[in-house]
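Worksheet: one structure, shown below.
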Amino acid sequence: MTPHLWPLRSYLELGALPTAVPCARLHARQLVWEWGLNGLAANTELLVSELVTNAVKATAGNNDQAAICLQLSGDNARVLIEVWDADPRPPAPKDLGEDGIPDLGEEGGRGLFLVAALSTRWDWYPTREPPGKVIWCELGPARADR
């Protein structure tokens with residue numbers, strides 16, 4: 001990831017429980033409002049929800065004391081979302097249909113598709129201490145080529 005100064009930061013550790021998702025959404029919504037980035041609020045809230053849901057699922061059953069971590073960073077125009085979980089395996093996007101979108105009849109599997117579609121860029125990297133991975137995405141002003 002290209003280094004960038006992010007003057008605004010927030011870090012939130014949550015239990016790897018389904019209740020972490022609405023807590024993370026609310027935190028993200030309020031923080032983006034506080035930072036004056038209301039135009040990014042809806043997409044930030046949606047992508048936080050998707051990434052935290054994936055982290056909870058990836059961590060479920062691995063450890064009774066498991067936690068996930070959400071870090072939000074911002075400047076005057078962009079938001080960086082980073083979600084850490086203890087599962088070191090890379091994210092596994094679902095296969096896309098012939099129309100280029102995931103099967104809408106399936107219960108899940110659209111999270112990373114949404115992340116790729118709504119963010120300006122996204123990726124992941126493994127972590128050593130603590131072991132696991134971070135999936136991140138950046139939201140910013142709409143690009144002209146979209």
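The values are calculated or read from the model by the stated rules, or taken from the named source; none is laboratory data. The model shown is predicted, which means the values in this text are computed figures rather than measured ones. Ideal geometry is used to build each Cβ from the backbone, glycine not excepted, and the neighbour counts take in all protein chains shown. Calculation scope for accessible area: heavy atoms of the full protein, side chains included, ligands and nucleic acids excluded. Shrake-Rupley method; radii C 1.70, N 1.55, O 1.52, S 1.80 Å.
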Roughly how much of ARG9 is accessible, in Å² to the nearest 10, using a 1.4 Å probe?
140 Å²
Can you list residues whose amide H is under 5 Å from ALA67's amide H, if they're 5+ apart or on another chain and H is modeled 1.01 Å from N?
ALA16
Could you tell me how far the Cα centroid of the stretch 3-26 sits from the Cα centroid of the stretch 35-61, in Å?
8 Å
Between ALA116 and TYR11, what FRET efficiency comes out of the Förster formula 1/(1 + (r/R0)^6) with R0 = 22 Å and r the beta carbon distance, rounded to 0.05?
0.35
So what are the ³J(HN,Hα) numbers for the stretch 36-45, from phi and the Karplus equation (6.51, -1.76, 1.60; θ = phi - 60°), rounded to whole Hz, Gly and Pro as x?
x, 10, 4, x, 9, 4, 4, 5, 4, 4
Using label points projected 7 Å from each Cα along Cα→Cβ, tell me how many nm separate ASP75 and ALA42, to one decimal.
2.6 nm
Amide H partners (placed H, <5 Å) of GLY132, local residues excluded:
THR127
